[in-house]
Amino acid sequence: MARAWVKGAVAAALATAVGAAGVMGAKAALTFNNAVTGEVLNLDDAPPEGKDTEAFKAFVETGKNAYLGNPSCLAKGEQLFLAMCSGCHGQKGEGKLGPGLNDSYWTYPQGATDKGLFELIFGGASGQMGPMYGSMNVDEMLLTMAWVRHLYKDKPDDAGEWMTAELKAAYKPFDGKTPAPKPAADAPESCKTEE
Ligand code: HEC
């Protein structure tokens with residue numbers, strides 16, 4: 001185990017030195033763990049696409065999702081959620097084969113933070129909840145997370161750490177009817193939808 005870790009660390013250092021990975025840069029980044037096993041997640045398991053967005057670069061440093069509360073990014077997040085998640089979690093995240101994602105209850109307490117929600121999506125949980133790194137890129141995961149948070153319907157005070165004071169002030173429970181607004185012209189590139 002220790003040897004494997006050292007090997008990984010050397011590879012990561014090399015990648016950074018060569019500038020091939022570029023995600024982590026030289027700065028300290030957060031460590032992400034599998035929600036069930038606690039095993040460290042290897043972000044290199046995901047494709048390189050999406051790792052160079054401003055949002056993802058900030059996310060690995062802070063664990064905060066810059067797409068949250070950006071109306072321009074909701075439409076893309078919705079598309080991804082409907083394609084990748086709703087079959088098991090319901091159209092509105094109300095729960096189906098998988099648990100509801102639109103309330104304040106989490107099987108895995110990690111769900112109450114953005115870092116933890118990412119860990120659950122990237123690395124999966126148990127049973128049918130497989131890791132998503134093979135099916136979507138990391139930036140798409142952040143966009144999907146922004147939509148999952150938008151689906152929230154319970155009391156803002158029960159939401160958990162992800163709901164910042166700013167989001168609380170603007171909070172309206174998801175009504176399931178109002179369509180996501182079209183991305184504005186100055187939306188981040190990865191939030192733009194194809195018409
Ligand atoms: C094939 C079905 C399936 C798909 C597709 C799926 N999930 Fe899940 N998901 C599940 C199941 C089943 C669980 C419960 C696993 C457990 O308890 O360990 C789960 C658990 C979760 C949890 C933890 C919930 C909690 O209460 O702690 C999150 C978060 C989650 N899924 C998000 C997503 C997102 C986001 C997507 C799309 C990117 C997705 N899932 C796609 C079936 C699925």
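Quick notes
- Cα centroid separation - segment 65-88 against segment 122-191, whole Å: 6
- Comparing 111, 176, 123 in a Gaussian network model of the chain, where Cα atoms under 10 Å apart are tied by springs, the biggest mean-square fluctuation is seen for 176.
- Computed over the chain with a Gaussian network model linking Cα atoms closer than 10 Å, the most mobile of 34, 70, 137 is 70.
- Candidates 146, 46, 169, ranked by Gaussian network fluctuation over the chain, Cα under 10 Å, top entry: 169
- By other beta-carbon atoms within 10 Å, ranking 143, 68, 117, 82 with the fewest at the front produces 82, 68, 117, 143.
- Sparse-neighbourhood loop sites, GluC sites (Glu not before Pro) in segment 130-171 - DSSP loop, at most 14 other Cβ within 10 angstrom: 161
- Footprinting exposure proxy for 84, 145 (fewest neighbouring C-beta atoms within 10 Å first): 84, 145
- Residues 88, 73, 191, arranged from fewest to most other Cβ atoms within 10 angstrom of their Cβ, appear as 88, 191, 73.
- Note that the chain carries a Kirkwood radius of 17.4 Å, evaluated over its alpha carbons pair by pair.
- Average Cα contact separation per residue, the chain, under 8 Å, 6 or more apart, as relative contact order %: 26
- Residues with amide H under 5 Å from that of residue 101, placed H, sequence gap 5 or more: 94, 95
- Whole-number D in µm²/s for segment 83-195 (Stokes-Einstein; Kirkwood sum over Cα pairs; 4 °C, 1.567 mPa s): 87
- Residue-averaged 222 nm ellipticity for the chain, from DSSP H runs of 4+ at -39500 (n - 2.57), nearest 500: -10500 deg cm²/dmol
- Derived scalar couplings between HN and Hα for segment 108-124 equal 9, x, 3, x, 7, 10, 5, 4, x, 5, 4, 4, 5, 7, 4, x, x Hz in order, rounded to whole Hz, by the Karplus curve 6.51 cos²θ - 1.76 cosθ + 1.60 (θ = phi - 60°), x for Gly and Pro.
- Taking amide H atoms as placed 1.01 Å from N in the peptide plane, the amide H of residue 40 lies under 5 Å from those of 34, each 5 or more residues away in sequence or on another chain.
The numbers here are math on the coordinates, done by the rules we state, and not lab data. If you're wondering where the values come from, they're calculated on a predicted model, not measured in any experiment. Because the Cβ atoms are built from the backbone with ideal geometry, glycine has one as well, and the counts that use them run over all protein chains shown.
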